[in-house]
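The values are calculated or read from the model by the stated rules, or taken from the named source; none is laboratory data. Note that the structure is a prediction, hence the values are computed from the model and not measured. Cβ placement follows ideal geometry from the backbone for every residue including glycine, while neighbour counts extend to all protein chains displayed.
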């Protein structure tokens, strides 16, 4: 049995503001129905409400969740000296000397990259 899907526009009031969204209805196996309401909030996130019903129309499950906007900005870090704050100058390091057993290949690669950057400055 193929699943059928229907999408329509809806609006709902959140915190006194009218918000536009869409209603997605699909039929599942054995006559069940799933309806999902998706709203794009003015703050930038999404509000999703999902309802599952059986053949008779009884609600099997209902859930709602809010998604938030990604807090990280595009374009990289604004703090240019983040690495200086991350490194403890008193610590001798895991790769001093490079032959030390705690100097893993990834640490060694990072150490060599930082060494090269420092040399070019």
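So here's what we get for this one:
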read-out: Residue list for the stretch 67-110, restricted to those being in a helix (DSSP H, G or I), modelled with pLDDT of 85 or more and surrounded by 10 or more Cβ atoms within 10 Å (Cβ to Cβ); value: 107, 108, 109, 110
read-out: Qualifying residue in the stretch 58-65 (condition: modelled with pLDDT of 80 or more and out of contact with any strand residue (DSSP E or B) (no Cβ under 8 Å at 6 or more places or on another chain)); value: yes
